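Reading through the structure tokens given below for one structure.
The values are calculated or read from the model by the stated rules, or taken from the named source; none is laboratory data. The structure presented is a predicted model; accordingly, all values stated were derived computationally and were not measured. Cβ placement follows ideal geometry from the backbone for every residue including glycine, while neighbour counts extend to all protein chains displayed. Only protein heavy atoms, including side chains, enter the accessible area calculation; ligands, DNA and RNA are left aside. Shrake-Rupley method; radii C 1.70, N 1.55, O 1.52, S 1.80 Å.
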Amino acid sequence: MCGTCGCSEGNKATVIDLQTGEHTHIDAEGNEIIHTHDHDHSHNHNHEQDHKHDLSSVSAHANAHGTTVALEQAIMQKNDALAIRNRAWFSGREILALNLVSSPGSGKTTILERTIIDLKGKTPICVIEGDQQTANDAQRIKDSGAPSVQINTGTGCHLEADMVMVGLKALKPTAGSIVMIENVGNLVCPALFDLGEMAKVAILSVTEGEDKPLKYPHMFQASDLMLLNKIDLLPHLDFDVKACLAYAKQVNPNIEIIQLSAKTGEGMADWYTWLDNQSAKAVAQAFV
Amino acid sequence: MHEMGITRNIVSIVAEAAKSQKVRRVKLEIGKLSAVMPEALMFCFDVVSKGTVLEGATLEIVEVAGKAICRDCGANVELHQIVTACTCGSRDLKRISGEELNIKEMELEAA
Ligand SMILES: Nc1nc2c(ncn2[C@@H]2O[C@H](COP(=O)(O)OP(=O)(O)OP(=O)(O)O)[C@@H](O)[C@H]2O)c(=O)[nH]1
Ligand SMILES: [Mg+2]
Ligand SMILES: [Zn+2]
Ligand SMILES: [Zn+2]
């Protein structure tokens, strides 16, 4: 059921374009349900279901003897195939796409707001916001001056590649820009769902336990960078920064770490340098 | 619980391959480091397979041990847990197994 218009579609996600106010649904099969809402709310549903069938067709030569049929298929094949498509889409446009993952409330949206304001006129940024409910975060991004779409996953606890694809259609990011994908606050399953990003960035705030990297190793292993946020609060807490950094490195020796405060701006310059370097990498990797 | 969505993928892939034939057994390969719990899959499978050609089928799960090669000394390392170090002390390990999430085979009922 759609929280925006109240219409029930049996869908798994809703995508809201903050620029136009329009929204679409994605059904359980990953197809976009296009949905034109008149302002007088006469429901003028235009269900365009493009049925794409399995990319890998199985040669299941089952004869009728209670036969065992070899399948050899990846369980995540649909998502992985769409993620590859997204990745190629980004690459061809020299776009840097980042998948931001963390527990709820670590400061993802606040970091993005400040980044958008600080990089205004230098780097075009647009944002795909994932939350179970509300368009609050996408509205905050829009208020900071960047285009955004909100994806509401309902009961879903992570973004999937098809949702990002629909989000991109609405956002139409320009060549050479940065697409920030703020995943649903969750340190478990976003690690399983490739969105087509160039890198995952894990955000951890000092109000959480320093042993988070040990407790959620999958997420920290899958990330290229860890942002340790809210360091302005350190004087008031017992958070052991040294131990935290050691745990992160223990889980992933290659992870880069930047300590920052989205509130005071301390350390944000290092994050912008990292973004610059990654953007350059996105350009260098395009079409290869 | 992400195992629910994963189970839906399994049921949809197998049901499509089985066409309308009844499925007796499905064999999966799940890596021990994959963050997917076999018990949870078993539970979800009963729920998700209801009303499909997989209803009542046995779910067989083969767990795959985690293995890696040490990037520093080249040794083979068994990964009993996701965070492990090589005997040489290095943690820079190249994972070679343990993250599998595959459907190996299905057994169809005699028509
Ligand atoms: N003191 C301090 N507070 C911060 C900082 N960054 C974010 N916050 C606060 O932390 C709270 C959560 O911030 P958000 O940016 O909404 O966090 P989020 O990760 O986007 O949250 P979800 O999208 O709900 O998962 C807000 O009250 C922010 O003001 C920081 O650097 N220092
Ligand atoms: Mg947020
Ligand atoms: Zn999830
Ligand atoms: Zn070694």
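In segment A:119-138, of all residues being open to solvent by 50 Å² or more (accessible area, probe 1.4 Å) and over 30 Å from A:GLY209 (Cα atoms), the one that is farthest from ligand 3 (Cβ to nearest atom) corresponds to A:GLY121. If you go through segment B:5-18 and keep only what is more than 12 Å from A:ILE75 (Cα to Cα) and more than 8 Å from every other protein chain (Cβ to nearest Cβ), you end up with just B:ALA15. Pairs are defined by a Cβ separation below 8 Å, a sequence spacing of at least 6 or placement on different chains, a first member in segment A:159-173 that is within 26 Å of B:HIS2 (Cα to Cα), and a second member that is among the aromatic types (Phe, Trp, Tyr) and open to solvent by less than 10 Å² (accessible area, probe 1.4 Å); the pairs so defined are A:LEU159/A:PHE193; A:GLU160/A:PHE193; A:ALA161/A:PHE193.
Regarding segment A:148-158, can at least one residue be identified that is outside any helix (DSSP H, G or I), closer than 24 Å to A:ASN277 by Cα and in contact with a Leu (Cβ under 6 Å, 6 or more places away or on another chain)? There is at least one residue in segment A:148-158 that is outside any helix (DSSP H, G or I), closer than 24 Å to A:ASN277 by Cα and in contact with a Leu (Cβ under 6 Å, 6 or more places away or on another chain). The strands (runs of 3 or more DSSP E) falling completely within segment B:1-94 that include 3 or more residues that are more than 23 Å from A:PRO217 (Cα to Cα) and either aliphatic (A, V, I, L, M) or away from ligand 4 (no atom under 16 Å from the Cβ) (or both) map to B:23-31, B:58-64. Taking every residue in segment B:75-97 that is in contact (Cβ under 8 Å) with a residue 60 or more places away in the chain and at the interface with chain A (Cβ under 8 Å from one of its Cβ atoms) and pairing it with any residue that is among the acidic types (Asp, Glu) and within 16 Å of ligand 2 (Cβ to nearest atom), at least 6 positions away or on another chain, yields no pair with a Cβ-Cβ distance below 7 Å.
Among the criteria (1) within 16 Å of ligand 3 (Cβ to nearest atom); (2) touching a residue at least 60 places away in the same chain (Cβ under 8 Å), the one B:ALA35 does not fulfil is (2).
Scanning segment A:245-275 for residues that are without any contact (Cβ under 8 Å) to a residue 60 or more places away in the chain, farther than 27 Å from B:ILE82 by Cα and touching a Lys or Arg at 6+ places or on another chain (Cβ under 9 Å) yields a count of 1. Among the residues making up segment A:140-174, those that are out of contact with any strand residue (DSSP E or B) (no Cβ under 8 Å at 6 or more places or on another chain) and within 13 Å of ligand 2 (Cβ to nearest atom) are A:ARG140, A:SER144. Does segment A:67-79 contain at least one residue that is away from chain B (no Cβ under 14 Å) and either over 27 Å from A:ILE231 (Cβ atoms) or open to solvent by 20 Å² or more (accessible area, probe 1.4 Å) (or both)? Checked against the condition, which is being away from chain B (no Cβ under 14 Å) and either over 27 Å from A:ILE231 (Cβ atoms) or open to solvent by 20 Å² or more (accessible area, probe 1.4 Å) (or both), segment A:67-79 yields no hits at all. In the set A:ASN136, A:ASN99, A:ASN86, only one residue is away from ligand 1 (no atom under 16 Å from the Cβ) and out of contact with any His (no Cβ under 6 Å at 6 or more places or on another chain); that residue is A:ASN86. Among residues of segment B:19-28 being more than 9 Å from every other protein chain (Cβ to nearest Cβ) and surrounded by fewer than 19 Cβ atoms within 10 Å (Cβ to Cβ), the one that is modelled with the lowest pLDDT is B:SER20. For segment B:59-80, filtering for residues that are within 16 Å of the chain's Cα centre (by Cα) and open to solvent by 80 Å² or more (accessible area, probe 1.4 Å) leaves 2. If you go through segment A:175-192 and keep only what is in contact (Cβ under 8 Å) with a residue 60 or more places away in the chain and either touching a His at 6+ places or on another chain (Cβ under 9 Å) or part of a loop (DSSP other than H, G, I, E, B) (or both), you end up with A:ALA175, A:GLY176, A:SER177, A:ASN183, A:GLY185, A:ASN186, A:LEU187, A:PRO190, A:ALA191, A:LEU192.
The residues on offer are A:ILE116, A:ILE95, A:ILE141, A:ILE151, and the sole one that is within 15 Å of ligand 3 (Cβ to nearest atom), more than 14 Å from chain B (Cβ to nearest Cβ), modelled with pLDDT of 95 or more and buried (at least 17 other Cβ atoms within 10 Å of the Cβ) is A:ILE151. Among the residues of segment A:87-116, those identified as among the hydrophobic types (A, V, I, L, M, F, W, C) and within 16 Å of ligand 2 (Cβ to nearest atom) are A:LEU98, A:LEU100, A:VAL101, A:ILE111, A:LEU112, A:ILE116.
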